[in-house]
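Notes to accompany the following structure.
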Amino acid sequence: MKLDSAALSEIADYCALVLELTPRANDLLANLGPTEEVRQRYAATGFATVEDVLSPDAWTGFVTRVLPILSVISEEVTLHHEPTSAVTLSDGARFRRVDPHCNRNPDTREKLTALLGRLGLVELGSLLAGKLTPLIQSIVGPVKFERTYFYIYEEGDYISVHNDHQVGRRVDVQFPLTLGTVAGVRVLSERFLRMCYDTPGAMNLLGTCVWHDVPPILRMSPHVAPRRFNMGFRFTPQ
């Protein structure tokens, strides 16, 4: 993939703005006491949101510039529904993913990693995760950063209700952004799936055995293609 220097420079500028964080996030990092309420929510459900971590303008600007590039190199992830009895249906999903770790072809993994490095996304993930680790640990406990990944949802894409017990103990820290529609994630809480809408610049923390889904991405305007972008950090126990 050919990338001109102007595009790379613009992405680098937005990466720098994203890394500045918001004044509120910097205050939280300086004084972790106010995270107690968030920690209790996470302890109760395995899911919590910290609002106002990244600048909404910087985050939106960054996503709108990298999304067309990542869409081209993303791989489709599908899980087909299958009837398991006369009255039940298996889980299903459809979305796109950019994650060298999950690619089985070593040559493709190497090329993906190199491209993400050229875009500055490997460094962005490492630096942003490093900055936020004290805040994340104050909420979820002792964890360490493992890798960065990206999920892309287009019109009609979704993930049905599931948990991620098969991946073992981990915490996914995610920064979603929805463009052209309204979307989010639903999390099981008090026996209901509670809708948690995407907010630009907010940080979601998702534990392992949390039942959740991503509702279908719906078109709100006939002239605007809906998209949902999610930059995620995989954290594992120390």
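The values are calculated or read from the model by the stated rules, or taken from the named source; none is laboratory data. Here the structure is a predicted model, which is why all the values come from computation and not from measurement. All Cβ positions, glycine included, derive from the backbone under ideal geometry; neighbour counts span all protein chains shown.
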Q.
Suppose we filter region 195-238 for residues that are more than 14 Å from the chain's Cα centre (by Cα) and within 26 Å of L28 (Cα to Cα); how many remain?
A. 6
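Would you check which residues across region 121-151 are over 23 Å from G168 (Cα atoms) and surrounded by fewer than 19 Cβ atoms within 10 Å (Cβ to Cβ) and list them?
Start the filter on region 121-151 by keeping residues that are over 23 Å from G168 (Cα atoms), which leaves 121-124, 127-128, 131.
Hits for region 121-151 are V122, E123, L127, K131.
Would you mind finding the one in V167, V161 that is surrounded by fewer than 21 Cβ atoms within 10 Å (Cβ to Cβ), modelled with pLDDT under 95 and of a type in the set (A, V, I, L, M)?
V167
Just one of V182, V224, V210 is farther than 23 Å from P23 by Cα and touching a strand residue (DSSP E or B) at 6+ places or on another chain (Cβ under 6 Å); which is it? Let's see the steps before the verdict.
Numbers: V182 fails: touching a strand residue (DSSP E or B) at 6+ places or on another chain (Cβ under 6 Å); V224 fails: touching a strand residue (DSSP E or B) at 6+ places or on another chain (Cβ under 6 Å).
Just one listed residue meets the conditions, V210.
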Q. Looking at region 109-120, which of its residues are loosely packed, with under 15 Cβ neighbours inside 10 Å and under 15 Å from A12 (Cβ atoms)?
A. G117, R118
Q) Do you know which residues across region 187-203 are modelled with pLDDT of 95 or more and either surrounded by fewer than 17 Cβ atoms within 10 Å (Cβ to Cβ) or in a loop (DSSP other than H, G, I, E, B) (or both)? A) F192, L193, R194, M195, Y197, D198, T199, P200, G201, A202
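Just to check your reading of the model, which residue among E75, E10 is touching a residue at least 40 places away in the same chain (Cβ under 8 Å), among the charged types (D, E, K, R) and in contact with a Lys or Arg (Cβ under 7 Å, 6 or more places away or on another chain)?
On the way: E75 fails: touching a residue at least 40 places away in the same chain (Cβ under 8 Å).
Result: E10 is the single residue among E75, E10 that is touching a residue at least 40 places away in the same chain (Cβ under 8 Å), among the charged types (D, E, K, R) and in contact with a Lys or Arg (Cβ under 7 Å, 6 or more places away or on another chain).
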**Q.** Pairs where the first residue, in region 99-118, is over 18 Å from D172 (Cβ atoms) and the second is of a type in the set (D, E, K, R) and outside any helix (DSSP H, G or I), C-beta under 8 Å, 6+ apart
**A.** N103/E75
(Q) Take the residues in region 79-105 that are farther than 16 Å from N163 by Cα and polar (S, T, N, Q); name whichever of them is farthest from the chain's Cα centre (by Cα). (A) S85
(Q) P100 - would you say it is crowded, with 18+ Cβ neighbours inside 10 Å, farther than 28 Å from D52 by Cβ and not hydrophobic (A, V, I, L, M, F, W, C)? (A) yes
Q) Any residue in region 130-150 that is among the hydroxyl-bearing types (S, T, Y) and at pLDDT below 95? A) no
